Structure formats: structure tokens, C-alpha cells
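Written out below as C-alpha cells is the structure these notes cover.
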Amino acid sequence: FMSGVNEIRSTFLNYFGNNNHQIVDSGPLVPRNDPTLMFTNAGMVQFKNVFTGLEPRDYSRAVTSQKCVRAGGKHNDLDNVGYTARHHTFFEMLGNFSFGDYFKEDAIELSWNLITKEFGLPQDKLLVTVYHEDDEAFDLWKKIAGLSDDKIIRIPTSDNFWSMGETGPCGPCSEIFYDHGDHIWGGPPGSPEEDGDRFIEIWNLVFMQYEQLSKDERIDLPKPSIDTGMGLERIAAVLQGTHDNYQTDLFRALIQNSVDLTGREEEGDAAASHRVIADHLRSTSFLIADGVLPSSEGRGYVLRRIMRRAMRHARLLGAQDPVIYKMVPTLVREMGQAFPELGRAEALITETLKLEEARFGKTLSRGLQLLDDATDGMGDGDSLDGETAFKLYDTYGFPLDLTQDALRARSINVDTDGFDVAMERQKAEARANWSGSGEAATDAVWFDLKEKAGSTEFLGYETEKAEGAVM
Ligand code: ATP
Ligand code: MG
Ligand code: MG
Ligand code: MG
């Protein structure tokens, strides 16, 4: 079995469609009616109320390829991107769901048949984990897949126990791993080296069998359910014979585009920068298509952080002028068929990127210069003071995580406590200055505006002017 990402997605959807699952569109990245969640981060998000029985549907089995973003919020993989072979900020989670219909046995059988028969993965490269108390799952893997005991690893941690929240549905999970071979660093799940890229988790099966009523009261669900998630990019890597998501057809197209536009080959540090740009282009574009725009707070600020991180990497590759917006057509070509909203929003995505690139491009060079000067002579384990990190944030529009990312290659830390202190002090100073005016109502309006527009726009402008700089 060898095919592109688009065919793999279809194969998954059709396989479960042929097994009586309703094929359902991906939900939006900004979850409807769920202010507790920054972005949709799993396939089950759009079905939350179906699982709890609050919302009826006319089907009891479903299959989706769900757009997910894991940046900001509880699941944050932003810092992994560019450094592991398997993490993205935006990815697609393939999932099959049973709402009180089939349970553990069918879930295991359906998944095993898909990966070994349809996809043809060799059994000896596969291993699974189960929750340590879940003998039922252990026995089913033996019976259905014929896996030997040493290929079914019992995990005692919360990694293998899923819950929706403090109360509500929960249950053990079972994860399927692929062994990419001993030429890659990493150890099996549960071992100290598990974070390497040799054994990669491809699929997580969640067995929702309990309901947590209170802190110490848990009952069996009368009709247990199934929720699964498989990273499309990870299974594509396996099927295309690589351990590295960034070597799959879709990412090759994006990275090649980045190479062409910047004129920099994928060598050394440049390789990581190309990856970050390709990844961040996807999350940026899909977030904008789903209605998020860069701003200084909440979801919009997460988007801005992602965009600015990508821009720093473009600068590292030598791009002096806006360039990432030029990659949008390649993305639309690669993914627009599966996600028509991308094509519909193409103009908005392009304009938003171009504007943000032009805007941040002006302060980026000077901020980087300041950062260079401030860390001159520093090395492994040294720390950038919080004042400077704050100045970069406040005057040059560097989100804290961008500064951290910029220093990571040299193993320099940032004094984040010092950063917080500087931030607090500035807020207090601003408050004190304004209370002198004696106009409480104006104060309130000003603070409101400042929160909305962000300190960069206000104080940054003043500071720049004071220094006589050209913006
Ligand atoms: P990992 O341990 O590798 O970080 P996870 O356990 O956090 O993965 P789950 O929450 O179980 O991931 O999500 C289900 C599936 O989604 C995973 O098995 C994986 O295939 C995929 N996945 C999760 N996070 C990412 C990501 N950041 N980028 C790409 N795919 C991901
Ligand atoms: Mg994770
Ligand atoms: Mg995991
Ligand atoms: Mg998992």
C-alpha cells in the first residue's frame, strides 16, 4: 500500500463507511459552544454531547478526519514542532466513533484489520499499550491480533486513561505503536527513551466505559462507547516508508515551495526552519479559514504567536521581505479539495499573512539585533534577563515563546519570572500615570483599548518615537 495523504484519508473514511459508519465532515477549529477549549484538539470534540447523551443523532457510528490544533491551551505541541518527526501544531485526526453501539472487541478488530489488511503493515513492527488494569483489552489483543505478551505493554499512568473532565465519561485507552527500526533513537512506550522517534504512536483507542460522578464515585456506563484518533500525517509517514512526517508527499510539496521561495537548501538548521514554516503555514491558514484573526489576546494571540514564529524562521532563511503568504496557493492545491473552506478563504489568508509579515518584519530585524547584543558571549545554560525579554515583547512585538525559540539552539534560557515582574511593573506604572488624570471613566476606556490592541501597539510606538527610530 503506497499512496498520498489524500488517498490515505479517503481509504480510512471509506473503510469505516463500508463498516456502517456515517462519514461526517470535520468540525471547525473553533469549537462551537465550548469556551473551555482554545481549539479543537481531537476528533471527539464535535461529538461531546452525543457521548453524554445530551444530543441525539440519527446514527450510532461515525467516522471523521478532524482538523486539530494543539497550540496554546492544555495540549500544546508548539515547542515540539521542528524538533520531533511526529508533532505538528495543525494535524488531521482520523477517528471512528461508536455512540453506545460496538465496544472494545469490534474497535480492536476494526483497527487491526485496517492497518494490517487494508494498509498491509507488517505485524512484527506493531506493538500496543493497554491500561495496566485492563485485562479485557490485553486478552482481546492476544486473541484478535495474535500479539505475544511482550508486544502488549501495560501502562499504569494517565497516558492510558482518558477522561472528558473532572466528571463525565472516562475509561482506559489502548495505543498502537509502529517501530521504525533501530537506526532511529528511541525506546518502546513506558521506557525512559519513549520520547524518541523510533516507536511512534499512530493510533489511540479510547474505551469509554465509566462515568465519573464525583471525585470518588464512578459507575459503569450502561452503553459504553468508542472514540479513536489516528494522526493522518503519522500513518502517511509509515505508509510512505519514512519515520518522519515531514518527508511525506504533502510536506514535501510545502517544504519544496519554501526552499524555492527562500533559495535556501534544507541543510543543517535551515531544515528545521523549513519544517516550522510548512507546519505553521498550515495552522495559520486553517485557523484564518475558520474565522480566527491575529490579535493580542486569546485565540487571536495564539495565532499571532504561530505566525511570528514562522516569520522569524523565514528571516533565518534569509528572506527580508514577506514570503510565507506566497505559499498559500501550494497549500490550497494540496489540501483544498478535502477542505473547501481553504479555497474560499484563500484571499483572506493571503492578505492577513502578508499584512502581518510586513508589519512584524519591521521590528523583527531590530529585535533580533537587540537579542544578539544582549546574549553576546552567552552559552549553554545561561539565562537572558526578564527585562530584555520584556522589552522585546513590548517594543518589538516578540512573543515570549518566540524569544525562547530563538535562544533554544544555543541552549540559553529566559528568566520568565523576571519577564512577569517586568510586565506587572509596567501595568502598575501605566495605572499610576493614568490615575493622575482623575478621570476614572477615561481610564477604563483606555485600559480596555490597551487590552484589545495590545501593549506593542501603544507603548511600542511611544518608545520607538522617543528613540527617534524609524518604524
Ligand atoms: P504523542 O504522545 O505522540 O504526543 P498523544 O498521545 O498526545 O501523542 P493523542 O492525544 O492520543 O496523542 O491523539 C491521537 C493521535 O493523534 C495520536 O496517536 C497521534 O497519531 C496523533 N497526534 C497527536 N498529537 C499530534 C501532533 N501534535 N501532531 C501530529 N499528530 C498528532
Ligand atoms: Mg502529545
Ligand atoms: Mg501519547
Ligand atoms: Mg495518545
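The values are calculated or read from the model by the stated rules, or taken from the named source; none is laboratory data. Keep in mind that this is a model prediction, so the values were computed, not measured. No Cβ is skipped: glycine too gets one built from the backbone with ideal geometry, and neighbour counts run over all protein chains shown. Areas reflect the complete protein model, heavy atoms only, side chains present, ligands, DNA and RNA absent. Shrake-Rupley method; radii C 1.70, N 1.55, O 1.52, S 1.80 Å.
Listed values, structure above:
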item	result
Segment 82-151 - Rg and Dmax from Cα coordinates, angstrom	14.3, 40
Per residue accessible area in Å² of the chain, where ligands, DNA and RNA are left out and the probe is 1.4 Å	44 Å²
Accessible area of the chain belonging to carbon and sulfur atoms, whole % at 1.4 Å probe	47 percent
Qualifying trypsin sites (Lys or Arg not before Pro) for segment 73-181 [loop in DSSP, other Cβ within 10 Å: at most 10]	Lys74
Potential extension, Asp376-Asp260 segment - 0.36 nm per residue separation minus Cα distance	38.5 nm
Electrostatic dipole magnitude of the chain [Cβ: Lys, Arg +1; Asp, Glu -1; Cα centre; debye, to 20]	1300 debye
Positive-end extreme of charge dipole, the chain - chosen from His243, Asn49, Ser191 (charges on Cβ)	Asn49
Charge dipole (debye, nearest 20) of segment 49-202; +1 at Cβ of Lys and Arg, -1 at Cβ of Asp and Glu	420 debye
Global geometry of segment 1-101, whether rounded, prolate or oblate, following the gyration tensor of its Cα atoms and the 1.5 cut on a/c	oblate
Extreme residue, positive dipole direction of segment 223-332, given options Ile226, Ser295, Gly318 (C-beta unit charges)	Ser295
Signed unit charges on C-beta, dipole axis of the chain, positive-most listed residue Ile306, Ala347, Asn96	Ala347
Per-residue [θ]222 nm for the chain (sum of -39500 (n - 2.57) over DSSP H runs n ≥ 4, rounded to 500)	-13000 deg cm²/dmol
Computed magnitude of the charge dipole of segment 164-286 (debye, nearest 20; Cβ of K, R +1, Cβ of D, E -1)	400 debye
